[in-house]
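Values quoted throughout were computed directly from the atomic coordinates according to the rules given, and no laboratory measurement underlies them. Just so you know, these numbers come straight off a predicted model, no measurement behind them. All Cβ positions, glycine included, derive from the backbone under ideal geometry; neighbour counts span all protein chains shown.
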Amino acid sequence: MLNRLRVAALLAVAAAGLAAAPAEATVQSGSGTIGDPWVPTRAAHITCATATLFGNYTAGQGHSDPIATLVQGNYIGVRYITSDHNSADVFWHGTSQWGFLLRDCFTLN
């Protein structure tokens, strides 16, 4: 009987510990969707003399809606490269803006 009580007490403590443990988020958490937006960026920098940051990109049609002009050496964060490898969704740290940038104009650090 005493062993059963000990086992029950140990199980209760273990279950309480598991229930109280918070879920840990890592830099890999998130899918990039509206409902699950946390996606890490990779550090990169502009390699072209100038590069335009655009508001939109459509495969086959290209970039549209220019936002800003970045210069060689500006640091950016790259969220993803488009499936056609012509553009990337980037974060420009200078003005805290998201946009699309020609893939040939940056290098990952």
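Highest-first packing order for the peptide set 89-102, 56-69 is 89-102, 56-69, based on the mean count of other beta carbon atoms within 10 Å. Each Lys or Arg adds one and each Asp or Glu subtracts one; over the other residues with Cβ under 12 Å from the Cβ of Ser83, this totals -1.
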